[in-house]
Amino acid sequence: KTGKIWLNKNLGASRVATSPTDEASYGDLYQWGRAADGHEKRNAVTTTTISKTTNPWHSYFICSDKSPWDWCEPQNDNLWQGVNGENNPCPKGYRIPTAAEWEAEMATWSSEGSQGAFNSPLKLPVAGFRNYSDGSLNTVGSHGNYWSSTVNGMNARNLYFYSSNATMDGNNRAYGSSVRCLKD
């Protein structure tokens, strides 16, 4: 409804969502700023070794138990900025949306919360998230968490919704959340 062209499904999903809880539409869960290197798979093995580079060269989901709760030290705010972002996981010509672009989409929804997210042209499912501290899967089937490219201090902004509410929130960058790409 905003005139923007979005990818029709979450990165890693095998199809467009047929319902909010369509498991085949959930897709992968990315740590903010990481490339598609295997860490995003829901069953990726975890490690507590923080990467010292922006490309860890392994497929482990990196758990973090201390500030700034990121998979990479030092933090790098530029990894997902635009189609030429260093670790942009989106297909060619696509990028991670900004928080403002998510907010514009939310403003067009017929209702707040997960039903409005699914009823929107984006058909957003409740894919849950992966916990930054232990790699566990949480709120799968009840909440949606979608990264934006917008950083906020040591956190990054994400679209967060559940049954009755939708908002832009800030999350630790080591969280694993859904990615929906936007055509540049």
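Converting phi to 3J(HN,Hα) with the Karplus coefficients 6.51, -1.76 and 1.60 and the offset θ = phi - 60°, the range 108-120 yields 9, 5, 5, 7, 6, x, 5, 5, x, 5, 6, 6, 6 Hz in sequence order, with x at every glycine or proline.
Annotation: cysteines of the chain without a disulfide-compatible partner (Cβ-Cβ under 4.7 angstrom) are C63, C72.
With all protein chains in place and a 1.4 Å probe, the accessible surface of the chain carries 48 percent carbon and sulfur. Packing order of peptides 86-99, 113-126, highest average first: 113-126, 86-99 (average count of other Cβ atoms within 10 Å over each peptide's residues). Net charge dipole, the chain: roughly 400 debye, given to the nearest 20, about the Cα centre with Cβ charges of +1 for Lys and Arg and -1 for Asp and Glu. Applying the Karplus relation 6.51 cos²θ - 1.76 cosθ + 1.60 with θ = phi - 60° to the range 60-69 yields 3J(HN,Hα) values of 6, 7, 8, 7, 10, 10, 8, 4, x, 6 Hz, where x marks Gly and Pro.
Model label points for M154 and A104, set 7 angstrom from Cα along the Cα-to-Cβ axis, are 3.2 nm apart.
When the pairs K52/K92; K4/K41; K4/K92; K4/K183; K9/K123; K9/K41 are compared against a 18 Å limit on Cα-Cα distance, K52/K92; K4/K41 fall above it.
Multiplying the residue separation of K183 and K66 by 0.36 nm and removing their Cα-Cα distance gives an extension gain of 38.6 nm. Say a paramagnetic label sat at a point 7 Å from the Cα of N78, along Cα to Cβ; which residues of the range 12-45 have their backbone N under 18 Å from it? Residues 33-35 fall inside that zone. A Förster radius of 30 Å combined with the Cβ-Cβ distance from S59 to S133 puts the calculated FRET efficiency at roughly 0.95. Compactness of the range 27-184 is given as radius of gyration and Dmax, 14.6, 44 Å, from Cα positions.
The values are calculated or read from the model by the stated rules, or taken from the named source; none is laboratory data. This is a predicted model, so every value here is computed, not measured. A quick note on method: Cβ atoms are made from the backbone with ideal geometry, for glycine too, and the neighbour counts reach across all protein chains shown. Accessible surface areas use protein heavy atoms only, side chains included; no ligands, DNA or RNA. Shrake-Rupley method; radii C 1.70, N 1.55, O 1.52, S 1.80 Å.
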